[in-house]
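The values are calculated or read from the model by the stated rules, or taken from the named source; none is laboratory data. Here the structure is a predicted model, which means the values were calculated and not measured. Here the Cβ positions follow ideal geometry from the backbone for every residue, glycine too, while neighbour counts run over all protein chains shown. To get the accessible areas, we keep the full protein, side chains included, count just its heavy atoms, and leave off ligands, DNA and RNA. Shrake-Rupley method; radii C 1.70, N 1.55, O 1.52, S 1.80 Å.
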Amino acid sequence: MIFLSPIQQKLSDAIKHIYDHDIAHEEIALSITRSEFEGEITFIVFPLTRVAKQKPEVIAQTLGDYLKKESQEIVADFNVVKGFLNISLTDSFWIDVLQQISKTPDYGAGNPKNKKVLVEFSSPNTNKPLHLGHVRNILLGWSCAQIQEYAGYDVIKTQIINDRGIAICKSMVAWRLFGNGDTPESTGVKGDHFVGQYYVRFEQAFKDEYENWQSKDTALEIFKKHGKEGQESAAFFKAYKNQYFNEYSELGKQAQELLIKWESGDESAIELWKQMNDWVYEGFEATYNALGVHFDSYYYESDTYLLGKDAIEEGLNKNVFYRKDDSSVWIDLEAEKLDHKLVLRSNGTSVYMTQDIGTAQKRYEDHGAEKMVYVVADEQDYHFKVLFEIMKKLKAPFGEGMYHLSYGMVDLPTGRMKSREGKVVDADDLVEEVIGEAAHQAKERGEAEELSPAERNELYRKVGLGALKYFILKVNPKKRMTFNPAESVDMQGQTGPYIQNAYVRIQSIVRRWKDMKIDAKLSSDYDAIEPAERILIQSLSNFPEELRLASENYDPSGLASYLYSLAKSYHKFYHDVRILGAEDDAAKAFRVFLSQNVASVLKKGMELLGIEMPERM
RNA sequence: GGUCCAGUAGCUCAGCUGGAUAGAGCAACAGACUUCUAAUCUGUAGGUCCCAGGUUCGAAUCCUGGCUGGAUCACCA
């Protein structure tokens with residue numbers, strides 16, 4: 001809307017002049033005229049009825065007459081439908097807008113803020129490979145980071161890796177028992193999958209052990225003693241699983257002992273733990289590479305899980321927290337409707353919250369970020385509400401700048417993903433599949449035959465990932481989404497490849513244009529623009545506003561919709577209007593110029609979504 | 001039970017701080033390639049915006065109550 005301030009100014013003047021009423025020109029709300037009506041910009045006059053003491057139609061007509069008379073260089077025409085004043089702007093106005101857009105370096109970018117914003121995303125556990133849920137997280141986090149950077153912030157992309165605890169110990173135990181010294185290298189299995197296999201192996205062995213045990217005398221006695229009346233033994237043992245793990249299981253004992261050894265710094269435990277995690281990280285890096293993302297810093301729970309205790313002490317002194325008789329520490333958030341929440345156990349050890357408080361402080365010390373964005377699934381909404389409230393009460397310098405980019409779970413058409421039942425979509429498989437599908441479709445179409453094998457693979461990668469990323473990012477983050485694998489590789493309609501295709505068409509035109517050796521600039525000889533051209537300029541003019549919304553709301557989905565609509569307008573233009581076959585050189589030059597501006601907005605916009613553009617497809 | 005989130009076409013989703021006759025894509029059907037890349041374009045068909053009240057010139061949008069689905073409410077992470 002930045003280009004519309006002259007119109008706002010004129011309207012403000014008109015209202016002052018005719019009705020003697022003051023409205024600051026920034027306050028004049030203009031909207032885009034719906035396509036079924038004549039005009040481009042609409043001013044809604046209903047709110048003026050009180051001031052003007054006239055019927056809406058009369059007000060709109062009066063303002064329209066005034067504008068047309070006083071601002072001929074901008075306002076070409078107008079029409080009134082009920083209380084809607086639809087304004088048609090002059091061609092020269094739109095051409096001037098295009099001129100301004102083309103002259104703006106980094107069009108749509110925000111001014112440098114000299115503020116750091118830290119974006120945390122991905123944040124996996126190290127006992128299994130990344131899956132579809134992580135993919136949504138990673139794409140959202142990456143895009144959000146790109147958008148903040150373009151908005152003028154200094155962005156630090158980071159994660160918190162859960163590299164410790166009972167889960168990784170399970171993998172370690174299984175590897176010791178069944179691994180025979182195998183490694184990812186010796187087996188050719190990618191590191192994260194390799195370690196994940198041992199986690200699964202442990203769970204299987206544990207399940208067998210547990211089932212075996214259930215027919216033993218000890219088990220029968222426990223069932224007799226603790227089972228509820230009429231309860232089936234199967235149901236009882238299902239519920240008893242955790243207790244069995246903790247008290248009777250041989251495997252459980254081994255895993256727990258390993259955890260205790262690790263915590264006490266036992267050398268062999270630490271060595272194995274490091275080895276397995278290194279394998280996993282190597283695998284993760286490969287997946288991040290495949291997805292085209294990377295990080296600036298990493299935080300590991302093994303380093304941070306003891307942090308936060310100082311903050312608890314400090315909070316006690318400030319009376320933010322209180323200590324119960326059993327010496328556990330709590331915060332009272334009843335006033336915020338969040339109840340009471342434990343921040344330190346009675347034995348003095350940390351809970352999750354303690355650690356997060358400490359990690360946030362450490363990050364501030366390390367990076368000086370005043371804003372922190374956490375990309376974490378919506379099941380942790382409550383946790384982050386509490387965390388942010390605590391940081392505010394502790395008066396942390398970044399307390400007001402914390403944001404939880406909460407996103408909904410990803411369901412499959414068959415229902416929820418369930419890792420226990422093996423119903424998960426693996427991230428590596430997914431990437432491979434979408435690229436394979438892109439290759440398949442390109443071959444069927446016979447495109448890209450003149451490209452080298454390397455160029456061809458690069459193309460398939462860009463198109464396949466473009467489809468996948470767009471499919472996920474177009475959905476509003478906070479909504480739960482259904483991931484249909486078949487639809488995710490669609491390349492027609494509202495998809496990534498559709499937008500890439502608009503860009504590719506422009507590149508093709510530009511290549512031919514260069515051969516024609518005509519000056520590629522605006523000519524004053526071309527002054528009567530086509531509707532399709534005007535629509536494109538109008539759409540280009542909305543880019544900064546879309547970026548502002550995406551940045552302020554930490555939401556790329558609106559940007560994704562916008563880029564689709566721009567691409568759609570371009571495809572329509574391409575179909576309706578001859579570009580290189582235009583009637584004269586001035587028209588050719590104008591259309592190529594316009595196309596180039598469309599291409600650069602499409603490319604930048606997609607880049608902010610983390611999607612690359614191919615030059616041909 | 002308390003709290004939070006979601007509910008829009010057969011399916012997947014838009015609809016921004018309230019604006020005109022609620023929009024796309026997919027799927028279905030009918031068309032357009034001797035012409036800048038048809039991964040495109042054009043058309044047809046498809047709706048109780050979960051329900052009921054309220055606020056006002058005007059409500060899919062805001063408020064209240066209900067219904068449905070999900071999440072969460074551990075000295076778990």
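Using the structure shown, select from A:K128/A:K462; A:K207/A:K253; A:K103/A:K514; A:K170/A:K423 the pairs with a Cα to Cα distance greater than 23 angstrom.
A:K128/A:K462
From the helices alone, meaning DSSP H stretches of at least four residues, give me the mean residue ellipticity at 222 nm for chain A, per-run term -39500 (n - 2.57), in deg cm²/dmol to the nearest 500.
On the way: 24 runs with 344 residues, N = 617.
Value at 222 nm, helices only: -18000 deg cm²/dmol.
Can you figure out the FRET efficiency of A:D326 with A:A290, using R₀ = 45 Å and their beta-carbon distance, to the nearest 0.05? Walk me through the numbers on the way to the answer.
Numbers: r = 50 Å, r/R0 = 1.11.
According to the calculation, E is roughly 0.35.
Between A:K479 and A:V81, with labels modelled 7 Å along Cα→Cβ, what's the label distance in nm to one decimal, could you check?
Distance between the two pseudo-spin positions: 2.6 nm.
If each residue of separation counts as 0.36 nm, what is the full-extension length gain between A:R512 and A:L333 once their alpha-carbon separation is subtracted? Numbers along the way, then the final one.
Working: separation 179, 0.36 × 179 = 64.44 nm, distance 6.60 nm.
Answer, rounded to one decimal: 57.8 nm.
Output the pairs from A:K157/A:K603; A:K341/A:K393; A:K238/A:K274 with a Cα-Cα distance over 25 Å in this structure; if there are none, say none. Don't jump to the answer; show the numbers that get you there.
Numbers: A:K157/A:K603 22 Å; A:K341/A:K393 14 Å; A:K238/A:K274 33 Å.
Over 25 Å Cα-Cα: A:K238/A:K274.
Excluding A:K337 itself, what net charge comes from residues whose Cβ is under 11 Å from its Cβ, given Lys and Arg +1 and Asp and Glu -1?
Values: positive: A:K385; negative: A:E334, A:E336, A:D339, A:E389.
With Lys, Arg at +1 and Asp, Glu at -1, the net is -3.
Quick one: ranking A:Y322, A:Y562 by accessible area, 1.4 Å probe, largest first, what do you get? Show your work: numbers first, answer last.
Details: A:Y322 75, A:Y562 15 Å².
Sorted by accessible area, descending: A:Y322, A:Y562.
Using the Kirkwood radius built from alpha carbon pairs, what does the Stokes-Einstein equation give as D for chain A at 37 °C and 0.692 mPa s, in µm² per second?
Values: Rh = 28.7 Å.
Rounded to a whole number, D works out at 114 µm²/s.
Name the residue from A:H440, A:N476, A:Y498 whose Cα lies farthest towards the positive end of the charge dipole of the range A:434-498, charges +1 on Cβ of Lys and Arg and -1 on Cβ of Asp and Glu.
A:N476
Pop out the ³J(HN,Hα) list for the range A:213-223 in order, Karplus 6.51 cos²θ - 1.76 cosθ + 1.60 with θ = phi - 60°, rounded to Hz; leave Gly and Pro as x.
So the J values, rounded to whole Hz, are 5, 4, 8, 6, 4, 3, 5, 5, 5, 4, 5.
Using modelled backbone amide H atoms (1.01 Å from N, in-plane), which distant-in-sequence or interchain residues come within less than 5 Å of A:V343's amide H?
Close amide H contacts, sequence-distant or interchain: A:V329, A:W330, A:I331.
Between A:T349 and A:T183, what is the label-to-label distance in nm when each label sits 7 Å out along the Cα-to-Cβ direction?
Result for the modelled spin labels: 3.4 nm.
Using only Cα atoms, find the angle between the long axis of helix A:352-367 and the longest principal axis of chain A, and express it within 0 to 90 degrees, rounded to the nearest 10.
50 degrees
About the Cα centre of the range A:386-489, how large is the charge dipole given +1 on each Lys and Arg Cβ and -1 on each Asp and Glu Cβ? Please answer in debye to the nearest 20. Numbers along the way, then the final one.
On the way: 17 positive and 17 negative charges, 195 e Å.
The dipole magnitude comes to about 940 debye.
What is the Cα centroid distance between the range A:111-187 and the range A:300-377, reported in whole angstrom?
One Cα centre to the other: 22 Å.
Stretch A:D65-A:L220 to full length: gain in nm at 0.36 nm per residue minus the Cα-Cα span? If you can, show how the numbers build up before the last one.
Details: separation 155, 0.36 × 155 = 55.80 nm, distance 9.20 nm.
Net length gain for the segment: 46.6 nm.
Scan around A:V155 for amide H atoms under 5 Å from its own, H built in the peptide plane at 1.01 Å from N, and keep only partners 5 or more places away or cross-chain.
Result for A:V155 returns A:V117.
Return the long-range amide H neighbours of A:F78 (sequence gap of 5 or more, or a different chain), with a cut-off of under 5 Å between placed amide H atoms.
Amide H neighbours of A:F78: A:S88.
Protein chains only, probe 1.4 Å: how do A:T414, A:T104 rank by accessible area, largest first? Before the final figure, lay out each step's value.
Details: A:T414 110, A:T104 60 Å².
Correct descending sequence by accessible area is A:T414, A:T104.
Between A:Y382 and A:E449, what is the label-to-label distance in nm when each label sits 7 Å out along the Cα-to-Cβ direction?
It works out to 6.2 nm between the two label points.
Would you mind getting the accessible area per residue of chain A, heavy atoms of the protein chains only, 1.4 Å probe, in Å²? Intermediate values should be presented prior to the final figure.
Details: 30240 Å² over 617 residues.
The answer is 49 Å² per residue.
Does a label point 7 Å from the Cα of A:K392, set along Cα-to-beta-carbon, have any residues of the range A:360-374 with amide nitrogen under 19 Å, and which are they?
Zone members listed by number: A:360-361, A:370-374.
Quick one: putting +1 on the C-beta of Lys and Arg, -1 on the C-beta of Asp and Glu, what dipole do you get for the range A:148-304 around its Cα centre, in Debye to the nearest 20? Mind showing how you got there, number by number?
Values: 16 positive and 27 negative charges, 141 e Å.
Around 680 debye, computed over the range A:148-304.
What are the ³J(HN,Hα) couplings of the range A:82-88, residue after residue, when phi is run through the Karplus curve with 6.51, -1.76, 1.60 and θ = phi - 60°? Round to Hz, x for glycine and proline.
Karplus values, whole Hz, x for Gly and Pro: 6, x, 10, 9, 9, 10, 9.
At a Förster distance of 25 Å, what's the computed FRET efficiency of A:D208 paired with A:L412, Cβ-Cβ distance as r, to 0.05?
Values: r = 28 Å, r/R0 = 1.13.
After rounding to 0.05, the efficiency reads 0.30.
For an R0 of 35 angstrom, estimate the FRET efficiency from the Cβ-Cβ distance between A:E282 and A:D585 and round to the nearest 0.05. Before the final figure, lay out each step's value.
Working: r = 57 Å, r/R0 = 1.63.
Working from the Cβ atoms, E equals 0.05.
Pairs on different chains or at least eight residues apart, Cα atoms closer than 19 Å: how many lysine pairs in the range A:5-89 fit?
The number of close lysine pairs in the range A:5-89 is 9.
Quick one: what are the phi-derived ³J(HN,Hα) couplings along the range A:152-169, Karplus 6.51/-1.76/1.60 with θ = phi - 60°, whole Hz, x for glycine and proline?
Coupling constants for the range A:152-169: x, 8, 8, 9, 10, 8, 9, 8, 10, 9, 7, 9, 10, x, 5, 4, 5, 5 Hz.
When the accessible area of chain A is split by element with a 1.4 Å probe, what percent falls to carbon and sulfur?
Details: 14170 of 30240 Å².
That fraction is 47 percent.
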